[in-house]
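A.B. asks: Before I ask anything, let me first share the structure, which is written out below as structure tokens.
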Amino acid sequence: MKALLIGKNLFMLMLVVSLLGGCAASNSNTSEDAGKKNGKETIEFVYWAAAGGEEKGFNDLVSKFESENPDIKVKKSQVPPPNQGDYYTKIQTRMGGDDAPDVFRVQYQKIGEFSSQGALMDLTDVVGKDKENYNPSLLTAVTYKNKIYGLPHHTDTLAVFYNKTFLDKLNIKAPDNLKDAWTWDQLLDVAKKIEDKKLAPNGIAANISASSAYRTLPFFFENGASLLTKDLKKANVNTPEATETLAFLQKMYKNYMSKGNSMKGADDPNMLFTSGNAGLFITGNWMIPLFEKDMKDEWGVTYMPVKDSAASDLGGNGLAVPANSKHSKAAKKFIAFMGEKENMKTFVEEGLFLPSRTDVKGPFEYQIKDPKMMNLFIEQSQTVPVDLAKTVTIPEFSKVNQALGDSFEALYTQNASPEKTAKELEEKINSILK
């Protein structure tokens with residue numbers, strides 16, 4: 001993940017000027033009236049959406065919102081996702097130039113950057129009244145200094161997909177409940193058997209790249225390690241537990257993964273798995289439609305491996321309102337609507353996500369062959385440690401994640417020792433957090 005924020009001081013200056021301008025507009029009775037046409041107030045919603053269910057989910061809910069709120073029009077501005085462009089840079093430029101959208105989609109890993117700079121509207125009065133009904137890790141992700149700055153809209157998480165044919169030939173049954181999840185050693189043993197029997201050239205593939213290096217963090221927490229200290233002020237990587245985790249991941253890469261499946265490698269891990277060139281695949285529930293299309297019934301899924309405990313990745317996205325939105329009341333009404341139980345259930349069903357509210361219950365009508373399969377991901381999402389959520393939502397996390405990706409690339413492709421990697425990564429992170 002590249003650090004996408006423009007210079008902090010410049011952004012703060014632009015934002016302050018914008019907020020002062022917004023106050024002046026409010027005093028002249030123009031702020032909430034601006035954008036009204038034919039008696040309707042228009043709010044702009046900026047978001048990205050994968051074609052298919054996710055896009056349909058947004059379209060259906062916007063139509064429903066407008067039907068229930070005939071005095072509000074939602075202008076949908078769909079743009080490329082963050083990993084395909086300069087999504088956040090454009091959002092920040094608009095906010096600094098007094099042209100902020102009213103609601104925008106935001107990754108949990110980015111909310112801390114915005115909220116720490118005073119760039120987001122406090123949504124505690126909207127989300128806080130139902131806070132006991134949200135997954136604690138996701139609520140933590142949108143909270144800064146005890147105030148809530150985003151709606152935890154949905155989540156997704158990692159698991160281990162497998163080639164059914166390969167495991168059948170090895171007479172291996174994948175675990176079907178969390179308490180029986182493979183251990184680290186068992187995962188590597190399955191990968192070794194796949195390669196030894198020449199079923200595939202690679203035992204494992206992983207959907208973890210430099211921009212998503214944070215997807216390695218579940219392995220740290222499974223082993224009693226962490227990236228940061230409890231107070232989030234210093235690195236905590238140069239420890240026996242973290243070093244052991246680095247050694248395990250290095251072993252997994254060197255012995256059982258394609259050399260092009262490194263943090264900055266050119267291999268497409270999705271293709272490795274769907275083409276039969278990898279027997280196991282660490283990735284998320286969002287890949288299910290591709291597997292159904294390209295592999296038919298030749299795949300299955302099981303839980304993330306465990307060591308001392310279970311853990312998984314903090315995935316998904318939230319919705320936020322810029323502090324200088326000109327239509328804050330209508331924007332908050334839209335946020336509240338998107339967070340309602342029935343509407344959240346609709347979105348996660350259509351987009352193939354997991355609900356962030358724990359009181360959104362099934363049965364879910366997911367548009368896949370076996371909708372019950374998603375229960376595994378719902379259960380796995382409950383294993384995301386709160387401290388992991390706190391780590392990936394600190395204001396400096398973009399830079400921390402970049403350092404993490406660089407360190408793993410050296411660990412994988414330059415044969416750096418786990419001990420040296422732990423020491424150097426700790427120094428890099430401490431330099432960032434100063």
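A.B. asks: Only residues that are of a type in the set (Gly, Ala, Ser) and either under 17 Å from Glu244 (Cα atoms) or not in a strand (DSSP E or B) (or both): list them for segment 196-225, please.
C.D. replies: Ala200, Ser209, Ala210, Ser211, Ser212, Ala213, Gly224, Ala225
A.B. asks: Identify, please: which residue in segment 191-205 is under 17 Å from Val160 (Cα atoms) and basic (Lys, Arg) and is, among those, surrounded by the fewest Cβ atoms within 10 Å (Cβ to Cβ)?
C.D. replies: Lys192
A.B. asks: Quick one: which residue in Ala191, Ala159 is outside any loop (DSSP other than H, G, I, E, B) and under 24 Å from the mean Cα position of the chain (by Cα)?
C.D. replies: Ala159
A.B. asks: Can you name the condition, by its number, that Met95 falls short on among (1) part of a helix (DSSP H, G or I); (2) closer than 16 Å to Ser328 by Cβ; (3) in contact with a Phe, Trp or Tyr (Cβ under 7 Å, 6 or more places away or on another chain)?
C.D. replies: The one condition Met95 does not meet is (3).
A.B. asks: Moving to a separate point now. Would a scan of segment 138-149 turn up a residue that is of a type in the set (Lys, Arg), under 23 Å from Phe65 (Cβ atoms) and touching a residue at least 12 places away in the same chain (Cβ under 8 Å)?
C.D. replies: no
A.B. asks: Name, by its number, the condition in (1) at pLDDT below 95; (2) surrounded by 19 or more Cβ atoms within 10 Å (Cβ to Cβ) that does not hold for Ser211.
C.D. replies: For Ser211, the exception is condition (2).
To keep it simple, each residue is scored yes or no on (1) among the charged types (D, E, K, R); (2) not assigned by TED's automatic domain parsing to the domain that holds Glu222.
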position	(1), (2)
Glu132	yes, yes
Pro136	no, yes
Leu139	no, yes
Lys145	yes, yes
Thr165	no, no
Asp168	yes, no
Asn171	no, no
Ala174	no, no
Asn177	no, no
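A.B. asks: Can you spot a residue in segment 122-135 that is at pLDDT below 95, in a loop (DSSP other than H, G, I, E, B) and crowded, with 17+ Cβ neighbours inside 10 Å?
C.D. replies: yes
A.B. asks: Of everything in segment 365-416 that's of a type in the set (S, T, N, Q) and touching a strand residue (DSSP E or B) at 6+ places or on another chain (Cβ under 6 Å), which residue is farthest from Tyr134 (Cα to Cα)?
C.D. replies: Thr391
A.B. asks: Then there's this: Select from segment 136-168 the residues that are within 30 Å of Ala191 (Cβ to Cβ) and out of contact with any Ser or Thr (no Cβ under 8 Å at 6 or more places or on another chain) and write down the one among them that is surrounded by the fewest Cβ atoms within 10 Å (Cβ to Cβ).
C.D. replies: Selected residue: Asp168.
A.B. asks: Follow-up. Restricted to segment 266-284, and to residues that are small (Gly, Ala, Ser) and touching a residue at least 24 places away in the same chain (Cβ under 8 Å), which residue is farthest from Glu195 (Cα to Cα)?
C.D. replies: Gly284
A.B. asks: Could I ask something else about it? Just checking, does segment 251-266 include any residue being more than 22 Å from the chain's Cα centre (by Cα), at pLDDT 95 or above and within 25 Å of Ser398 (Cα to Cα)?
C.D. replies: Yes, there is a match, as at least one residue in segment 251-266 is more than 22 Å from the chain's Cα centre (by Cα), at pLDDT 95 or above and within 25 Å of Ser398 (Cα to Cα).
A.B. asks: Quick check: is even one residue across segment 358-369 within 30 Å of Met121 (Cβ to Cβ) and crowded, with 19+ Cβ neighbours inside 10 Å?
C.D. replies: yes
A.B. asks: Let me ask something additional. When Asn223 is evaluated against the numbered criteria (1) at pLDDT 95 or above; (2) in contact with a strand residue (DSSP E or B) (Cβ under 9 Å, 6 or more places away or on another chain); (3) polar (S, T, N, Q), which criterion, by number, is the only one it fails?
C.D. replies: Evaluating Asn223 over (1) at pLDDT 95 or above; (2) in contact with a strand residue (DSSP E or B) (Cβ under 9 Å, 6 or more places away or on another chain); (3) polar (S, T, N, Q) leaves (2) as the failure.
A.B. asks: Specify the residue that is surrounded by the most Cβ atoms within 10 Å (Cβ to Cβ); the eligible residues are those in segment 394-434 that are part of a helix (DSSP H, G or I) and among the acidic types (Asp, Glu).
C.D. replies: Taking the candidates together, the pick is Glu426.
A.B. asks: Hey, among the residues in segment 278-293 that are in contact with a helix residue (DSSP H, G or I) (Cβ under 6 Å, 6 or more places away or on another chain) and either at pLDDT below 95 or small (Gly, Ala, Ser) (or both), which one's surrounded by the most Cβ atoms within 10 Å (Cβ to Cβ)?
C.D. replies: Across segment 278-293, the extreme among qualifying residues is Ala278.
A.B. asks: Picking from Leu314, Leu352, which residue would you name as being among the hydrophobic types (A, V, I, L, M, F, W, C), in contact with a helix residue (DSSP H, G or I) (Cβ under 6 Å, 6 or more places away or on another chain), within 24 Å of Gln92 (Cα to Cα) and modelled with pLDDT under 95?
C.D. replies: It is Leu314.
The values are calculated or read from the model by the stated rules, or taken from the named source; none is laboratory data. Here the structure is a predicted model, which is why all the values come from computation and not from measurement. Cβ atoms come from the backbone with ideal geometry, glycine included; neighbour counts cover every protein chain shown.
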